Amino acid sequence: MSDSLVVCEVDESLKAKLKKFRFRKETNNAAILMKIDKETQMVILEEEYDDITLDDLRNELPERQPRYPSNSTNFSTLSSLLLNSKPLSKS
């Protein structure tokens, strides 16, 4: 039972790009959009975005095709979103 089921592998160039993305120094909002290539069973890069808002990123996602976003949001942008958001109403 110690064997684990591997469904997909992550492309090596994508791993390097994600590591670089994780430790990036820029202060703008950015995102990486990934998808699974059915033929090779690999997670691959679909698109990279710079200066993208969370709403714009959401609009970029296809409705019926799974995509896996990784985003980097500027803390001041996130704070302003949280401060200006409306509280959830109780149902």
Taking the reciprocal of mean 1/r across every pair of different Cα atoms in the stretch 9-83, the Kirkwood radius in Å is 13.4 Å
Starting from the 7 Å offset along Cα-to-Cβ, what nm value, one decimal, do you get for the label separation of residue 51 and residue 65? 2.7 nm
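Throughout, read-outs are computed from the coordinates displayed, never taken from laboratory work. A quick note: this is a predicted structure, and the numbers were derived from the prediction, not measured. Here Cβ is always computed from backbone atoms with ideal geometry, including for glycine, and neighbour counts include all displayed protein chains.
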